[in-house]
Amino acid sequence: MQTQQTNPTAYRSIFSNEFCEIMESQVTGFKSLHALKAFEPGDLISPFNASFVSTKPSYLTVQVGYRKHITLLPQFLQYINHSCNPNAFFNTTTMELTALRTIQPGDEYSFFYPSTEWDMAQPFQCNCNQPDCLGLISGAAFIPEEILKRYTLTDFILNRLKSRQKKLRA
Ligand SMILES: [Zn+2]
């Protein structure tokens, strides 16, 4: 899970099923997950589950609660990279990956890491090239509320924001 500009000619498919395929860069080994069918906003892309639960985050985990970080099942979902203009959302309450926008076959799936991650293990400089790119991505804890309001966030992140607001007022 990282971001990089894509040059489609240098990529090959290393896995596919009915709704997605993993593309791998032949140059860097960088992997990304792409749609093989269309979705409308709100559509279920895939249910997901935890193959492993950890108290600490890693670059592969998705945060589902306080000191609760899961590695994803099905495993190929780990290749969904970050974008500041995401088309998918990991709803960690319903454990469903859903579409935020219309997704066409061939589109790369992406999610907004701070929509699930409060304080990331490995902050990184985003190169998503979207007009509103936030630059350094280190988790929702470090992003002002005005910006977070533009995004769909998990219940866990929304609750953390509420307690952050209380602390700021106190
Ligand atoms: Zn970005």
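Across region 150-163, which residue is surrounded by the most Cβ atoms within 10 Å (Cβ to Cβ) among those that are of a type in the set (S, T, N, Q) and in a loop (DSSP other than H, G, I, E, B)? Per the criteria, the residue is 154. Scanning region 121-149 for residues that are more than 14 Å from the ligand (Cβ to nearest atom), at pLDDT below 95 and surrounded by 14 or more Cβ atoms within 10 Å (Cβ to Cβ) yields a total of 1.
What single numbered condition from (1) touching a strand residue (DSSP E or B) at 6+ places or on another chain (Cβ under 9 Å); (2) within 28 Å of residue 159 (Cβ to Cβ); (3) open to solvent by 60 Å² or more (accessible area, probe 1.4 Å); (4) modelled with pLDDT of 95 or more fails to hold for residue 66? Of the numbered conditions (1) touching a strand residue (DSSP E or B) at 6+ places or on another chain (Cβ under 9 Å); (2) within 28 Å of residue 159 (Cβ to Cβ); (3) open to solvent by 60 Å² or more (accessible area, probe 1.4 Å); (4) modelled with pLDDT of 95 or more, the odd one out for residue 66 is (1).
The set of residues in region 95-116 that are closer than 15 Å to residue 21 by Cβ and surrounded by fewer than 22 Cβ atoms within 10 Å (Cβ to Cβ) comprises 104, 105, 106, 107, 108.
The values are calculated or read from the model by the stated rules, or taken from the named source; none is laboratory data. Note that the coordinates shown come from a computational prediction; the quantities given were computed from them, not determined experimentally. Quick reminder, even Gly has a Cβ in these numbers, built from the backbone with ideal geometry, and neighbours come from all protein chains shown. These accessible areas exclude ligands, DNA and RNA; they are computed on the full protein's heavy atoms, side chains included. Shrake-Rupley method; radii C 1.70, N 1.55, O 1.52, S 1.80 Å.
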